[in-house]
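A short worksheet on the structure shown next.
The values are calculated or read from the model by the stated rules, or taken from the named source; none is laboratory data. Keep in mind it's a predicted model, so treat the numbers as computed, not measured. All Cβ positions, glycine included, derive from the backbone under ideal geometry; neighbour counts span all protein chains shown. Heavy atoms of the whole protein, side chains included, go into the accessibility calculation; ligands, DNA and RNA do not. Shrake-Rupley method; radii C 1.70, N 1.55, O 1.52, S 1.80 Å.
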Protein chains: 2
Amino acid sequence: MQTVSSRKKPSMRELNQLSTRRAIADAAIQLGMHNGGLESIRTTDIAEAAGVSPRTFNNYFANKYEAVTYRYVERMQFAADVLRDRPRDEPLWDAIRAAVREPWLRSAENADGPSPATMAELRLLFGHGAIQSQIMREALAENSEFARAVAERTGMEAGALYARSVAAAVAAVTETAIAIFLRSEAPGPFLPLITEALDLLASGFATPS
Amino acid sequence: MQTVSSRKKPSMRELNQLSTRRAIADAAIQLGMHNGGLESIRTTDIAEAAGVSPRTFNNYFANKYEAVTYRYVERMQFAADVLRDRPRDEPLWDAIRAAVREPWLRSAENADGPSPATMAELRLLFGHGAIQSQIMREALAENSEFARAVAERTGMEAGALYARSVAAAVAAVTETAIAIFLRSEAPGPFLPLITEALDLLASGFATPS
């Protein structure tokens, strides 16, 4: 799945493509939310809701799961860009913590949690195994943007065990924190839970005393 | 997906069920390996190859992806049992390292790598996004056996962020190590790579110097 990196200034053509991609993704999320999931939704429904042809849909996404996870993947992409832009002398895990938090800080209307719209989106994503798996697949992929950003910072190859393991583990504990947040009957604040999960990871899961 | 834990002595009925489950899982793997993947395989093909009715297949597995990943999930289940049986005073990460290695030590014919049959199985699992996602879904699940084993050892609730994050991160870095091993043109030894990934995790990914 292609995303537009904030690293270089995008052309007008790229901006138009991004706009179309987001419109399709948002239509997929809306349809999924209003129909209790994606099971009965066809890609032609999504295309129609987004005002594009089925062929255009297929130019942008391989299937409905890719479409509905795009906004989440975009957050991961954004986090990778933030990681690249953090000061070079900042300790790696401070930079990672800041990078993973940034997309949520921008989308949250308040410090306590995601906006109702983002909550509904997350419930759709994490209530559906096939969708959640699609997210994890991106994180584990050989060409994960986050792994590449970690590799650049640490001066190693993108495919190195270190960089890929960091990216996979960061995604795994972030997803775990989100899943716990969504399943909680009286969820506390959102970002502190993600931060706590990343702190555990950075500490080597220092055994609780 | 149910698995039989080694914790309590299984009944004859449970052993028969386990035998059927494994026969279906092995048939799914064989069919997938001989057809370049699972795309064109139907659950009725798998049932026929395993010598059971389609209805029996459905009693054991929700779909072909669950069937083909069962043996891998069984290894995770076995690792959780090993973790439970490690000495209580052993440091957590020593116990985890031993637990994750154990299923591979048992199945590998030599210290350098998995047997050709296991290699073929892993190539099938990790060459297929939908299958790999199914594995990760198990690891991230609220009722992950490995998370429960970690929780028991550390005296916390199974759903706690700590226990679930450990389980998710262990699965993520193990999968990353396996994926790197399978994609390598001249793969080195197998278990040391998994061990290295777990060591990185236990060290909080101490930044390479």
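Observations
- For B:Gly113, nonlocal amide neighbours, meaning residues 5 or more places apart or on other chains whose placed amide H falls under 5 Å from its own, are B:Phe190.
- Accessible surface of B:Glu121, taken over heavy atoms with a 1.4 Å probe and every protein chain present, rounds to 20 Å².
- For region B:63-73, backbone phi angles converted through the Karplus equation (6.51, -1.76, 1.60; θ = phi - 60°) give residue-by-residue couplings of 6, 5, 5, 4, 5, 6, 8, 4, 4, 5, 4 Hz, Gly and Pro being listed as x.
- Cleavage-rule hits, GluC sites (Glu not before Pro), region B:16-72, DSSP coil, Cβ neighbours within 10 Å at most 11: B:Glu39
- 3J(HN,Hα) along region B:136-143, derived from phi through the Karplus expression 6.51 cos²θ - 1.76 cosθ + 1.60 where θ = phi - 60°, amounts to 5, 4, 4, 5, 7, 5, 4, 9 Hz, with x in place of Gly and Pro.
- Fully extending the segment from A:Glu157 to A:Asp94 would add 20.6 nm, taking 0.36 nm per residue of separation and subtracting the current Cα-Cα distance.
- Each Cα pair under 8 Å and six or more residues apart adds its separation to the average, and for chain B the resulting relative contact order is 18 percent.
- Shape category assigned to chain A from the gyration tensor of Cα positions, a/c cut at 1.5: oblate
- A:Val73, A:Val52, ranked by accessible area, largest first (probe 1.4 Å): A:Val52, A:Val73
- Shape call, region B:113-209: gyration tensor on alpha carbons, a/c limit 1.5: oblate
- Each residue of region A:30-40 is assigned a 3J(HN,Hα), and the resulting list reads 4, 5, x, 5, 8, 10, x, x, 9, 3, 8 Hz, derived from the Karplus form 6.51 cos²θ - 1.76 cosθ + 1.60 (θ = phi - 60°), x at Gly and Pro.
- Dividing the mean sequence gap of close Cα pairs (under 8 Å, 6+ apart) by how many residues region B:10-61 holds gives a relative contact order of 31 percent.
- MRE, 222 nm, helices only [DSSP H, n ≥ 4, -39500 (n - 2.57), over chain A, to nearest 500]: -22500 deg cm²/dmol
- Checking every one of the trypsin sites (Lys or Arg not before Pro) in region A:54-142 against DSSP loop status and a limit of 12 other Cβ atoms within 10 Å picks out A:Arg88.
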